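*Asks:* What follows is a structure written as structure tokens; I'll ask about it next.
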Amino acid sequence: MLNTTLCYVLRGDEVLMLHRVKKKNDINKDKWIGIGGKFEDQESPDQCLLREAKEETGLTLTSYACRGVVTFLTENPEEGEYMYLFTADGFEGELIECSEGDLQWVSREFVDALPKWEGDKIFLDLLWKDAPFFLLTLRYNKGALEEAVLNGKRIR
């Protein structure tokens, strides 16, 4: 299973979103997501978060919290992923150009209208409702969400 991080950086009522439009063969092509990426060897979740945030945005996160772990399962067992989900409300620095897509501050009220994975709506809703730490399993088949299990209970 792949280990990754995903972070939603908050600034007042805005969220820093990444519109994935620059990478070739990108599973997230044309979708809007938070920032993050794959763990490097011997890297902890917070080390990965801080490195990815700096690489993708130029920002140094100064206040962040791990809010949950999302497990992605697909029809191909080799494509499984554990994603450590963070929010950050403190940072220093200036935004840089991202090689993976376009960074944009988006009002939280408009985030739902952006193209994204169906499962992202579930965990974003949990984040916006300030839910306690959660475990979420999302099972996809050919890109469509088939099942969602939150803290051991099937919700879809």
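Rule-based calculations on the coordinates, nothing more; no lab input. For clarity, every value in this text was computed on a predicted model and none was experimentally measured. Backbone-built Cβ (ideal geometry, glycine too); neighbour counts: all protein chains shown.
*Asks:* Sort the following peptides by mean Cβ neighbour count (other Cβ atoms within 10 Å, averaged over residues), highest first: 33-40, 100-107, 18-25.
*Replies:* 33-40, 100-107, 18-25
*Asks:* If you line up the long axis of helix 45-57 against the longest principal axis of the chain, both from Cα atoms, how many degrees apart are they, to the nearest 10?
*Replies:* Taking the Cα atoms of the chain, the angle to 45-57 is about 50 degrees.
*Asks:* Follow-up question, since we're still on this one. Could you tell me how many degrees, from 0 to 90 and to the nearest 10, lie between the Cα long axis of helix 118-128 and the main elongation axis, the longest principal axis, of the Cα atoms of the chain?
*Replies:* 60
*Asks:* To continue, here is another question. For the stretch 1-148, what is the percent of antiparallel DSSP beta bridges, rounded to the nearest 5?
*Replies:* Restricted to the stretch 1-148, the bridges split so that about 70 percent are antiparallel.
*Asks:* Going highest first, how would you order 144-152, 3-11 by mean Cβ packing within 10 Å?
*Replies:* Final packing ranking: 3-11, 144-152.
*Asks:* Give the relative contact order (percent, whole number) for the chain; include only Cα pairs under 8 Å separated by 6+ residues.
*Replies:* 27
*Asks:* Distance check, please: which entries in Lys24/Lys116; Lys31/Lys153; Lys23/Lys116; Lys38/Lys129 exceed 22 angstrom between their Cα atoms?
*Replies:* Violating the 22 Å Cα-Cα cut-off are Lys31/Lys153; Lys38/Lys129.
*Asks:* Do the sum for the chain: with -39,500 (n - 2.57) for every DSSP H run of n ≥ 4, divided by all residues, what is the mean residue ellipticity at 222 nm, to the nearest 500 deg cm²/dmol?
*Replies:* Calculated from helices alone, the mean residue ellipticity at 222 nm is -5000 deg cm²/dmol.
*Asks:* Ordered by packing density, taken as the mean number of other Cβ atoms within 10 Å over each peptide's residues, highest first, how do 85-92, 69-76 rank?
*Replies:* Answer by packing, highest mean first, reads 85-92, 69-76.
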